[in-house]
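Read through the structure below, which is laid out as structure tokens, and then see the notes.
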Amino acid sequence: MAKDRLVERFLKYVTCGSESRCELPFCEMVESDLRALGMEVTIDRVGPPCGSNGYNVIASLPGSGNPLLFCAHMDTVDPGKNIRPVIEDGVIRSNGDTILGSDDKSGIAAAIEALSEIVESGAPHRTVEVLFTVCEEIGLLGSKHADYSKLKSKEAVVLDSSMRGCIVNRAPAMIVLDVSIAGKAAHAAMNPKSGINAIKVAADAIAQIPCGNVDENSTVNVANLLAPGKYNIVPDRASFQMDVRSFEEETLQSHLLFIERTLADACDKYGASYAMEQQRHSDVLYVPEDSDIIRKLTAIYEKLDLTPRIESTYGGSDATWLNANGISAVNIGTGMADAHSVSEHISVDDLHTTKEIVLSLIRET
């Protein structure tokens, strides 16, 4: 019965479209479901800084012992409108025209169903808080702008990974660079020597910057090289973006310094100039393997016949901003697969297992 109700809840959630920045209907649905449980609900109005019509939902269920926070995000990637899920052989998937939305509504459905069971049973439980965020998929914006004064928890579990049994305790700091090169326009046939080709400058710099796994702790990527203009004019403007990540802040800064020096050298070589803007996407995430939350999760996984694995990832999650605000947070798998694609799916068993993990943590006092 409870398992069927969990599936019904999940289906209700995924059919309520909530692409990033358009989450309002789903925010209202989640808020209503939490209020129906008698939880204390706070509307965290992060919509304006995130560019969203929605809001973060913060709620708490009083209990005994230290509070524990569960976090998941309410937004999805596109195509996430008019989702029509189907169930085949115990697996829930989309009809093939859209994503499913198990990223991350599997986490939300599991958490709220676990809370429902606790409330209905009247069983003893620890104090529980939830933070459901908007605009995670476009830069962790909801958790970045969240009002952390509304939260008391010092430990958190984020329900936003795919791998069963996985506990993500480590993620890199990430910087996004917007680079623009200023050269000098000239007619490419009549007077080419008086021009400074911004594409050549950008290409020279990019060729000197290692990409991919540049060391054991870091990755660098270059993308979106653009230089719009007429084909017969020496381009005076070029721009590109970079994604720089490292598990060590000192190493991250050394890569940034190298990139700046390389840009400066290329510009000096051709007589051009550059500008570079940095956007800090996230800080380093690290929760020690012997931490209390990881020990508890490991024990729960073993009871559920899951093989616990502590992993690092180069991907981002709301755990990063929770940690940056003094909450020791790990990210765990819900079993969702092929996220961000029209092949996305999740098994009913994995959905149920995620609910059981949350329920076991809630029962800890």
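The values are calculated or read from the model by the stated rules, or taken from the named source; none is laboratory data. Bear in mind that the values here come from a model prediction, so they are computed numbers and not experimental data. A quick note on method: Cβ atoms are made from the backbone with ideal geometry, for glycine too, and the neighbour counts reach across all protein chains shown.
Do the conditions hold for residue 309, that is, is it in the same structural domain as residue 10 (by TED's automatic domain parsing) and without any contact (Cβ under 8 Å) to a residue 60 or more places away in the chain?
Numbers: in the same structural domain as residue 10 (by TED's automatic domain parsing): yes; without any contact (Cβ under 8 Å) to a residue 60 or more places away in the chain: no.
No; evaluated as a whole, the condition is false for this residue.
Are any residues in segment 140-154 farther than 15 Å from residue 328 by Cβ, in contact (Cβ under 8 Å) with a residue 60 or more places away in the chain and small (Gly, Ala, Ser), and if so, which ones?
To start, the set of residues in segment 140-154 that are farther than 15 Å from residue 328 by Cβ comprises 140-142, 144-147, 149-150.
Imposing the further condition that a residue be in contact (Cβ under 8 Å) with a residue 60 or more places away in the chain reduces the set to 140-142, 144-147, 150.
Residues satisfying the conditions are 142, 146.
Out of 213, 224, I need the residue that is part of a strand (DSSP E or B), at positive phi and in the same structural domain as residue 266 (by TED's automatic domain parsing). Which one? Don't jump to the end; show me each part of the working.
Details: 213 fails: at positive phi.
Within the list 213, 224, the selection yields 224.
Which is at negative phi and in contact with an Asp or Glu (Cβ under 7 Å, 6 or more places away or on another chain), of 266, 186?
Values: 186 fails: in contact with an Asp or Glu (Cβ under 7 Å, 6 or more places away or on another chain).
On inspection, the qualifying residue turns out to be 266.
Looking only at residues that are assigned to a loop (DSSP other than H, G, I, E, B) and among the aliphatic types (A, V, I, L, M) in segment 87-101, which one is surrounded by the fewest Cβ atoms within 10 Å (Cβ to Cβ)? First the steps, then the outcome.
Let us first name the residues in segment 87-101 that are assigned to a loop (DSSP other than H, G, I, E, B), namely 89-90, 94-101.
Adding the requirement that they be among the aliphatic types (A, V, I, L, M) leaves 99-100.
Values: 99: 24, 100: 29.
Selected residue: 99.
What is the number of the single condition among (1) within 27 Å of residue 63 (Cα to Cα); (2) touching a strand residue (DSSP E or B) at 6+ places or on another chain (Cβ under 8 Å); (3) in contact (Cβ under 8 Å) with a residue 60 or more places away in the chain that residue 353 does not meet?
The one condition residue 353 does not meet is (2).
Matching residues to (1) surrounded by fewer than 18 Cβ atoms within 10 Å (Cβ to Cβ); (2) assigned to a strand (DSSP E or B); (3) touching an Asp or Glu at 6+ places or on another chain (Cβ under 8 Å):
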site	(1), (2), (3)
157	no, yes, no
168	no, yes, yes
228	yes, no, no
242	no, yes, no
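Please go through segment 247-284 and pick out each residue that is over 24 Å from residue 315 (Cα atoms), assigned to a helix (DSSP H, G or I) and not hydrophobic (A, V, I, L, M, F, W, C).
At the first step, the residues of segment 247-284 found to be over 24 Å from residue 315 (Cα atoms) are 260-275.
If we keep only those that are assigned to a helix (DSSP H, G or I) too, we end up with 260-270.
Within segment 247-284, 260, 261, 262, 265, 268, 269, 270 qualify.
Select from segment 244-268 the residues that are polar (S, T, N, Q) and buried (at least 16 other Cβ atoms within 10 Å of the Cβ) and write down the one among them that is farthest from the chain's Cα centre (by Cα). Give the derivation first.
Restricting attention to segment 244-268, the residues satisfying the condition of being polar (S, T, N, Q) are 246, 251, 253-254, 262.
Narrowing further to those that are buried (at least 16 other Cβ atoms within 10 Å of the Cβ): 246, 251, 262.
On the way: 246: 16, 251: 23, 262: 31 Å.
The extreme case among them is 262.
Within segment 157-168, is there a residue that is within 27 Å of the chain's Cα centre (by Cα), of a type in the set (S, T, N, Q) and closer than 30 Å to residue 131 by Cβ? Full working, then the answer.
Step one: filter segment 157-168 for residues within 27 Å of the chain's Cα centre (by Cα), giving 157-168.
Narrowing further to those that are of a type in the set (S, T, N, Q): 161-162.
Narrowing further to those that are closer than 30 Å to residue 131 by Cβ: 161-162.
Looking for residues that are within 27 Å of the chain's Cα centre (by Cα), of a type in the set (S, T, N, Q) and closer than 30 Å to residue 131 by Cβ, one finds at least one in segment 157-168, hence yes.
Which one is farthest from residue 166 (Cα to Cα), of the residues in segment 263-283 that are among the aliphatic types (A, V, I, L, M) and in contact with a helix residue (DSSP H, G or I) (Cβ under 6 Å, 6 or more places away or on another chain)?
Of all residues in segment 263-283, those among the aliphatic types (A, V, I, L, M) come to 263-264, 266, 272, 275-276.
Filter once more, keeping what is in contact with a helix residue (DSSP H, G or I) (Cβ under 6 Å, 6 or more places away or on another chain): 263, 266, 272.
On the way: 263: 40, 266: 44, 272: 49 Å.
Looking at residues that are among the aliphatic types (A, V, I, L, M) and in contact with a helix residue (DSSP H, G or I) (Cβ under 6 Å, 6 or more places away or on another chain), I get 272.
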